[in-house]
1. Between Val43, Val51, which is within 13 Å of the ligand (Cβ to nearest atom) and either surrounded by 21 or more Cβ atoms within 10 Å (Cβ to Cβ) or in a loop (DSSP other than H, G, I, E, B) (or both)?
2. Can you tell me how many residues in segment 97-106 are within 15 Å of the ligand (Cβ to nearest atom) and surrounded by 18 or more Cβ atoms within 10 Å (Cβ to Cβ)?
3. On the given criteria, is Cys58 more than 8 Å from the ligand (Cβ to nearest atom), within 18 Å of Gly136 (Cα to Cα) and at pLDDT 95 or above?
4. All but one of (1) crowded, with 18+ Cβ neighbours inside 10 Å; (2) part of a helix (DSSP H, G or I); (3) over 16 Å from the mean Cα position of the chain (by Cα) hold for Leu90; state the number of the condition that does not hold.
5. Restricting segment 93-131 to residues that are in a loop (DSSP other than H, G, I, E, B) and charged (D, E, K, R), which is nearest to Leu198 (Cα to Cα)?
6. Please work out if Leu79 is within 11 Å of the ligand (Cβ to nearest atom) and either surrounded by fewer than 22 Cβ atoms within 10 Å (Cβ to Cβ) or within 19 Å of the chain's Cα centre (by Cα) (or both).
7. Out of Leu63, Leu30, I need the residue that is more than 9 Å from the ligand (Cβ to nearest atom), closer than 21 Å to His205 by Cα and in contact with a Gly (Cβ under 9 Å, 6 or more places away or on another chain). Which one?
8. As an exercise: evaluate Ala242 against (1) at pLDDT 95 or above; (2) surrounded by 18 or more Cβ atoms within 10 Å (Cβ to Cβ); (3) within 20 Å of Asp18 (Cα to Cα) and give the number of the one condition it does not meet.
Amino acid sequence: MTTSTYLFHDTPPDTRSDNATMLDALAGMLDLFSRRQIRRIGVRADARCVVVAVGASCIAATLAEMASHGEVTATDIDLTPCRRHPHVNLIRHNILTDPLPGDAYDLIHVRLLLAHLPARQRNTVLAKLARALVPGGVLIIEEFEPTWRTSVLSAPDLDEADRLFAAYHRAFGAALTAAGNDLRWGRRAHHAMHALGLQVETTGHTGTWTGGQPGCLLPHATAGVIRDRLTSAGMTPADIEAFRELLLDPMLVVKGNLVLSHIGRAPTSS
Ligand SMILES: C[S@@+](CC[C@H](N)C(=O)[O-])C[C@H]1O[C@@H](n2cnc3c(N)ncnc32)[C@H](O)[C@@H]1O
């Protein structure tokens, strides 16, 4: 496929609100952690930054506040759910087919995109991003570990909740794999970045969520968007409904998927 294998492209029009909820839930689950990572690295006031596939996240806005005399660009193939910020240059952009909007970046942030690309395209994109860094510049790649099977901490019926999460784990994993997603990429990004000459440091993060909160709204919305693919992969419509109902139950407590944040620094020139 030449443009994208992104699983959530070309989803039916009646799933648009679930798609928006999915991106909002990702921001609600992960933005605090990503911001903490960025603050830890530090961003100069005149830094040049790009956030690739920004979705509904606030990362570009955070960077714009830190790089107040610099330049911040945010890209996505679909700008509908993206938040606007007066100091962020938001552009429609396909990372697979378009040249990067610039080069000599001090910081590049990419969260939850690369796993969706088939290996060859993923490696090409990663190399393109690493090449676009200034000496000493930082590439942040953040990805999930697929751990839905072990999510449930508390539920009205623990065994039933475990069964539903296991059914989702199997079907979602199969749907992702069928679309070209590499479920190991969350970990393997570290090796791939190191192989490009970056000095890589990896930090993990997870959170605890009750029914109706972002960590539960994410699988609730996702299951709504890709209902057909889940049923094709063996999850019954009744289980999808029961799973989605459970995810809104305030008695449910889950741990979110582990997110791995890989911070790769380009060598400084000697
Ligand atoms: C799983 S979402 C993650 C959004 C955001 N990075 C976050 O973590 O909250 C993936 C995003 O990648 C975008 N996307 C998919 N394929 C893309 C491509 N080929 N080029 C640029 N963006 C793409 C989608 O529109 C979506 O906003």
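1. Working: Val43 fails: within 13 Å of the ligand (Cβ to nearest atom).
Of the residues listed, the single one that is within 13 Å of the ligand (Cβ to nearest atom) and either surrounded by 21 or more Cβ atoms within 10 Å (Cβ to Cβ) or in a loop (DSSP other than H, G, I, E, B) (or both) is Val51.
2. To start, the set of residues in segment 97-106 that are within 15 Å of the ligand (Cβ to nearest atom) comprises 97-101.
With the extra rule that they be surrounded by 18 or more Cβ atoms within 10 Å (Cβ to Cβ), the set shrinks to 100.
Adding up the residues that qualify gives 1.
3. Details: more than 8 Å from the ligand (Cβ to nearest atom): yes; within 18 Å of Gly136 (Cα to Cα): no; at pLDDT 95 or above: yes.
When the stated conditions are applied, Cys58 does not pass them.
4. (2)
5. Going through segment 93-131, the residues in a loop (DSSP other than H, G, I, E, B) turn out to be 93-104, 112-113, 117-118.
When the remaining residues are screened for being charged (D, E, K, R), the result is 98, 103.
Values: Asp98: 24, Asp103: 17 Å.
Only one residue fits best here, namely Asp103.
6. The answer is yes for Leu79.
7. On the way: Leu30 fails: more than 9 Å from the ligand (Cβ to nearest atom).
The unique qualifying residue is Leu63.
8. (2)
The values are calculated or read from the model by the stated rules, or taken from the named source; none is laboratory data. This structure is a prediction, so every number in the text was calculated from the model and none was measured. So basically every Cβ, Gly included, is an ideal-geometry build from the backbone, and we count neighbours across all protein chains shown.
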